[in-house]
1. For residues that are within 20 Å of residue 13 (Cβ to Cβ), of a type in the set (A, V, I, L, M, F, W, C) and open to solvent by less than 40 Å² (accessible area, probe 1.4 Å), tally how many sit in the stretch 76-103.
2. I'd like to verify a number: residues in the stretch 31-49 that are touching a helix residue (DSSP H, G or I) at 6+ places or on another chain (Cβ under 8 Å) and part of a helix (DSSP H, G or I), how many?
3. Kindly provide the set of residues from the stretch 65-75 that are at pLDDT 85 or above and open to solvent by 40 Å² or more (accessible area, probe 1.4 Å), ordered by number.
4. Tell me, yes or no, whether the stretch 6-22 has at least one residue that is more than 30 Å from residue 107 (Cβ to Cβ), outside any helix (DSSP H, G or I), touching a helix residue (DSSP H, G or I) at 6+ places or on another chain (Cβ under 8 Å) and in contact (Cβ under 8 Å) with a residue 60 or more places away in the chain.
5. Can you confirm whether residue 52 is in a helix (DSSP H, G or I), touching an Asp or Glu at 6+ places or on another chain (Cβ under 9 Å) and among the hydrophobic types (A, V, I, L, M, F, W, C)?
6. Tally the residues that are open to solvent by 60 Å² or more (accessible area, probe 1.4 Å) and either among the aliphatic types (A, V, I, L, M) or at pLDDT 85 or above (or both), restricting the search to the stretch 19-51.
Amino acid sequence: PFTPTGDRPVEYPPLTAAFIGAAAAIVHGVVADDPSQRLRRFADLSMLVLLACWVLLTVLTARFARDRPWDAVMVAVAPGIIAAGLVNWDLFAALFPTAAILASRRTRP
């Protein structure tokens, strides 16, 4: 995705780009050669995956901030995530530092 020969280069880091590529490959393998259907199904799958990332991010936050449950509530109802969370792949990237914080808090880095 980072080569200029691709028809749609990806601006995201490699791991996120691989995640996007996996979603695109699933859609490409399932949906017939109708570009509008592929686009719609890719958007649908992306939103479902990002919604799962949001839920997992909220759960991870609740687990590492057990003494502050309102932190997880703030993640769950964050206006920025509500407004743009399902149209941007940053929720996927946010899982990794949140998991690292949880692991560090449990003294298992």
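The values are calculated or read from the model by the stated rules, or taken from the named source; none is laboratory data. Note that the structure is a prediction, hence the values are computed from the model and not measured. Glycine also receives a Cβ, built like all others from the backbone with ideal geometry; neighbour counts cover every protein chain displayed. What goes into the accessible areas is simple: the full protein's heavy atoms, side chains included, and nothing from ligands, DNA or RNA. Shrake-Rupley method; radii C 1.70, N 1.55, O 1.52, S 1.80 Å.
1. Number satisfying all stated conditions: 6.
2. To start, the set of residues in the stretch 31-49 that are touching a helix residue (DSSP H, G or I) at 6+ places or on another chain (Cβ under 8 Å) comprises 31, 38, 41-42, 45-47, 49.
Narrowing the set further to residues that are part of a helix (DSSP H, G or I) leaves 38, 41-42, 45-47, 49.
Counting residues in the stretch 31-49 that are touching a helix residue (DSSP H, G or I) at 6+ places or on another chain (Cβ under 8 Å) and part of a helix (DSSP H, G or I) gives 7.
3. Within the stretch 65-75, 67, 68, 69, 70, 73, 74 meet the criteria.
4. Yes, the stretch 6-22 contains a residue that is more than 30 Å from residue 107 (Cβ to Cβ), outside any helix (DSSP H, G or I), touching a helix residue (DSSP H, G or I) at 6+ places or on another chain (Cβ under 8 Å) and in contact (Cβ under 8 Å) with a residue 60 or more places away in the chain.
5. Here the answer is no, as residue 52 does not meet what is asked.
6. Selection size over the stretch 19-51: 17.
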